[in-house]
1. Work out, step by step, the length gained on full extension between THR56 and ASP112: first 0.36 nm times the residue separation, then minus their alpha carbon distance; give nm to one decimal.
2. What does the accessible area per residue of segment 43-190 come to in Å², with a 1.4 Å probe and no ligands, DNA or RNA counted?
3. Output needed: percent of Cα pairs per 5 Å distance bin for segment 34-190, bins running from 0 to the one holding the longest distance.
4. With a ≥ b ≥ c taken as the square roots of the eigenvalues of the C-alpha gyration tensor of segment 98-190, please select rounded if a/c is under 1.5 and otherwise prolate if a/b is larger than b/c or oblate if it is not?
5. Using 7 Å Cα-to-Cβ label points, what is the TRP125/ALA46 separation (nm, one decimal)?
6. In nm, give the distance between the simple-model label positions of ASP102 and GLU80, each being 7 Å from the Cα along the Cα-to-Cβ direction.
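The values are calculated or read from the model by the stated rules, or taken from the named source; none is laboratory data. Since this is a predicted model, take the numbers as computed values, not measurements. Here the Cβ positions follow ideal geometry from the backbone for every residue, glycine too, while neighbour counts run over all protein chains shown. The accessibility values were calculated without ligands, DNA or RNA, using every heavy atom of the protein model including side chains. Shrake-Rupley method; radii C 1.70, N 1.55, O 1.52, S 1.80 Å.
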Amino acid sequence: MKAVGKPMCKKFLCTIGTVFISLGALSACNQPAVNRDSSRQLTTVASVDLKRYLGTWYEIARFDHSFERGCVGVTANYSENPDGTIRVVNRCRKQTLTGPEDIAEGTAQVQDRTSNAKLSVTFFWPFEGDYWILALGTNYEWALVGEPSGRYLWILSRTPRIEDALRQFLIVKLVALGYKTDALIWVQQP
């Protein structure tokens, strides 16, 4: 039995290793271009009141990435789980505002308890991503969310649309953070 078990075990481990290497290579090939000057240190807001941050946010703009490609009418809803983590429910419509709905559910955990501005989000275990709150409206009416590599960026609002003056203000803030804002995709909302 031992002689049969070891080769089978090795074959299984080789297969699993090959799958993970393939996923890593595929992931690397599908990574969006970095749209941020990486020589600048990325900072977050000094403090986030997570209770105020919870609720529904509308995606106003984002950088292109495969998991949201073709999405319009995008929303993110954050609520507190009994264990203190945050439940994340992202919704979008495919191609048009009346297209099929796509829903992704995940969990966020605070990584920096001093500020509550650095979180990690998991949609598919064991893969997680950084979720850093870079800037936030005084009344939590808008947020800029990114992560250290500069590949991902979102402009979020409590309303489906923002005024042009706020849009320009947020672009100036993003440029100051080192982002190349010409790569933003402005999301169609109802």
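1. Between THR56 and ASP112, full extension yields an extra 17.9 nm.
2. On a per-residue basis, 52 Å².
3. Percent of pairs per bin, in order: 2, 9, 18, 24, 22, 17, 7, 2, 0.
4. Cα axes put segment 98-190 in the oblate bin.
5. Taking the two extended label points, one gets 3.8 nm.
6. With each label placed 7 Å out from Cα toward Cβ, I get 3.2 nm.
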